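Have a look at the structure below, then the notes.
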Amino acid sequence: AKAQFTLKLKDIFKGSKGKDVSGTIGSPVTLSVDRNDTRYTHAVEAEFGNWKQNINGDSRFVSTYNWTPPMELCNQVPNSDKGVGKVRYITYQNGKEIARDEKNLTLAVPASVKPTLSSFSVRDTNTAVNNLLGDNKFVSVLSNLKVDFSKGTGAYGSTISSYSATIVGKPNSTYNEDGVIGSIEMVGNAVVEATITDSRGRTSEPKRVSIEFLDYFLPQISFEAKRVGANGEQIQVIRNAPLPMNGSQRNTMRISFKVAPFGSNTFSENNGPANTMFTSISQITNSAANLDGTFSSGSSYVIIGTVQDKFTSSEFRVEVPTRSVLMSMDQTGVGIGKIRERGVLDVAGDVYASGFVLIIRQFNNILLRL
């Protein structure tokens, strides 16, 4: 006789299958499964970088689940605008896990996530100009512009990778963190536009700062010098020195003189009333003042006038001859129009013969303007 018995085989469970997930961080995505049994329920575990979480908690879903990837996931991809992780679909029967299915999770960083340049400043590294004019005012050529990007920050873990500041409509720019644009030759109002770019390649919204460039002329002086007084032993200078900055005086102007006997290179500072410091006017025109001391009427002198502002200076040179006389004579020669100092014939002025100029006076009072 044969023995008969029944042997029950172990149940083999076939879990549900999930699908790849693609979406944008911060926006809802739908996770769905193909159920192999109506008794199945499901959970989903997501892993993205170092972030890992059971996204539906203790609840179970049947076939679909709506999930909004939290914005904190942007921190997992600080150097890219998207990343790839995993989703694990977990199948349950009667509250017991019976299978897992792993798929790809592709998430993009939303376009709104970009670095922020809350503000920036433009300053002048030429401290003399900066101290004179203050914020957002500069001087053509003299100023040296530098942009401060320190108010820029990344977004959700990104770092700042590049910088940009440009004078709108001009070729003057900087693309370095040090922000040096340099000197600019222009006059009038201008706008500086700045942005920053982060490690994701995202660029901030541009910020703008209005600035102004003032015109500047190098200090310049011209003057005439003549003998005055009963014996012609005093020297009077007629000064002309413009120093405008945008039509008004924002600078200082110091005029000084030094004197040497003709033919000598040893000059002495002259501290008379012709030396002046101007702080509230932009120019002087035909302003007469005497040099200090007396000057022999029988000798010629060289006078150098210097005008100096807060930035630079320039000089102008004139020669003052002896006192004017029709003719003078001594043992060695004759002077015409002046007292004889050198040579057999020492003439002040042009010499004509038969209508032709034989000797032309040299003019030294050329306005030095750079």
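Enumerate by residue number the chymotrypsin sites (Phe, Trp or Tyr not before Pro) in region 138-210 meeting two conditions: DSSP loop (anything except H, G, I, E, B), and at most 16 other Cβ atoms within 10 Å of the site's Cβ.
On the way: sites: F138, F149, Y156, Y163, Y175; in loops: F149, Y156, Y175.
Sparse-neighbourhood loop chymotrypsin sites (Phe, Trp or Tyr not before Pro): Y175.
Show me, for region 223-229, the HN-Hα J-couplings you get by feeding each phi into the Karplus relation (A = 6.51, B = -1.76, C = 1.60, θ = phi - 60°), rounded to Hz, glycine and proline as x.
Values per residue, Gly and Pro as x: 7, 10, 10, 9, 7, 9, x Hz.
Could you work out the local net charge near M186, counting Lys and Arg as +1, Asp and Glu as -1, over the other residues with Cβ closer than 14 Å to its Cβ?
Values: positive: K137, K170; negative: E185, E212, D215.
So the surrounding residues net to -1.
For the ranges 214-223, 284-293, what's the packing order if you count other beta-carbon atoms within 10 Å of each residue, average per peptide, and put the highest first? If you can, show how the numbers build up before the last one.
Numbers: 214-223: 20.5, 284-293: 14.9.
Order by mean packing, descending: 214-223, 284-293.
Counting alpha carbon pairs within less than 8 Å and at least 6 residues apart, what relative contact order, in whole percent, applies to region 61-121?
Values: 45 pairs, mean separation 16.9, N = 61.
Taking the mean separation of contacting Cα pairs over the length of region 61-121, I get 28 percent.
Which far-off residues, 5 or more places away or on another chain, put their amide H under 5 Å from the one on A99, with H placed in the peptide plane?
Residues meeting the criterion, in which the H sits 1.01 Å from N, are T91.
Starting from the Cα of E269, step 7 Å along the direction of its Cβ; do the same at V168; then give the gap between the two resulting points in nm.
The two pseudo-label positions are separated by 5.0 nm.
Under a point spin-label approximation (7 Å from Cα along Cα-to-Cβ), what is the F61-T159 distance to one decimal in nm?
With each label point 7 Å from Cα toward Cβ, the separation is 3.8 nm.
Taking region 172-222, which GluC sites (Glu not before Pro) meet the DSSP loop condition and have no more than 10 other C-beta atoms within 10 Å? Provide the component values of the computation, followed by the final result.
Numbers: sites: E177, E185, E193, E212; in loops: E177, E185.
Sites meeting the loop and neighbour criteria: E185.
For region 155-254, what is the largest minus smallest coordinate of the Cα atoms on each principal axis, given in angstrom and ordered from greatest to least?
Computed over the Cα atoms, the extents are 87, 21, 20 Å.
Quick check on region 23-160: what are the equivalent-ellipsoid semi-axes from the Cα gyration tensor, as sqrt(5λ), descending, whole Å? Display every interim value, and only then the final one.
On the way: eigenvalues 614, 23, 20 Å².
Taking √(5λ) for each Cα gyration eigenvalue gives 55, 11, 10 Å.
Picking from I196, S297, V228, whose Cα lies most toward the positive end of the charge dipole for region 184-321 (charges on Cβ: Lys, Arg +1; Asp, Glu -1)?
Working it through, the farthest residue towards the positive pole turns out to be I196.
Relative to a virtual label point 7 Å from the Cα of D292 in the Cα→beta-carbon direction, which members of region 252-281 show backbone nitrogen distances below 11 Å?
257, 269-275
Test of understanding: what is the full-extension gain from N231 to T127, defined as 0.36 nm times their sequence separation minus their Cα-Cα distance? Each step should come with its number before you reach the end.
Working: separation 104, 0.36 × 104 = 37.44 nm, distance 4.98 nm.
This chain segment gains 32.5 nm when fully extended.
Be a star and scan region 252-271 for residues whose amide nitrogen sits under 15 Å from the point 7 Å along the Cα-to-Cβ vector of S299.
So the set is 259-270.
For the pair T38 and N189, what calculated FRET efficiency results from E = 1/(1 + (r/R0)^6), where r is the Cβ-Cβ distance and R0 = 56 Å, to the nearest 0.05?
Numbers: r = 75 Å, r/R0 = 1.34.
The formula returns an efficiency of 0.15 here.
I'd like the trypsin sites (Lys or Arg not before Pro) in region 102-175 restricted to DSSP loop residues with at most 16 other Cβ atoms within 10 Å, sorted by number. Could you put the intermediate results ahead of the total?
Details: sites: K103, R123, K137, K146, K151; in loops: K151.
Taking region 102-175 and a limit of 16 other Cβ atoms within 10 Å, the loop trypsin sites (Lys or Arg not before Pro) found are K151.
To the nearest 0.05, how large is the calculated FRET efficiency for T285 and N176 if R₀ is 35 Å and r is the Cβ-Cβ distance?
Working: r = 47 Å, r/R0 = 1.33.
Using R0 = 35 Å, I get an efficiency of 0.15.
Quick one: check the C-alpha center-to-center distance for region 81-159 versus region 298-324, whole angstrom.
Each part's Cα centre sits 62 Å from the other's.
Values quoted throughout were computed directly from the atomic coordinates according to the rules given, and no laboratory measurement underlies them. Fair warning: this is a prediction, and the values are worked out from it, not measured in the lab. For neighbour counting, all protein chains shown are included, and Cβ atoms are generated from backbone atoms with ideal geometry for every residue, glycine included.
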